[in-house]
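Chemist: Following this message is one structure expressed as structure tokens.
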Amino acid sequence: MLIEGLMNRGNGALLEQVVNFAAQRHKLLLDNIANVDTPNYRQKDLSVARFSSMMRQRIEERRRNGVASFDDISSEVENPVQGILFHDGNNRSMEQLATDLAKNAMMHNLAIELLRKQFQQMDMALKEKVV
């Protein structure tokens, strides 16, 4: 599970990738909401499943080898085909967009909170060494 890999120490690079992915996806989801009534607009999204799979592979690589790079993980914009294609050529679903936006925000906030906790621990350790 991706969250299990996030809970270990020393995951700054991994968490940075999660924050970047969530921020990029957030922009796309907001574009989709803004264009919900635009004729022939096709929704754009990033594949959470593909991103999670890439991250899981890197976490597993790090467990086996002790080191792995998270810098080259990329996400390609897709045009999802789920949803009903309306007569104006739009494949909108406000309910799905609102759900995706909420889930994405939770993933972003979790990664930010884990980063904050990690920095707090480093700060505390540095303060103890100074004393």
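Readers should treat all values here as calculations from the given coordinates under stated rules, not as data from a laboratory. This is a predicted model, so every value here is computed, not measured. Note that each Cβ is placed from the backbone with ideal geometry, even for glycine, and that neighbours are counted across all protein chains shown.
Chemist: Starting with the highest mean, order 94-103, 54-63 by the number of other Cβ atoms within 10 Å, averaged over the residues of each peptide.
Modeler: On the way: 94-103: 13.8, 54-63: 15.8.
The densest-packed peptide leads the list: 54-63, 94-103.
Chemist: Let me ask another. Modelled label-to-label distance, residue 129 and residue 56, 7 Å Cα→beta-carbon offset: nm?
Modeler: 3.7 nm
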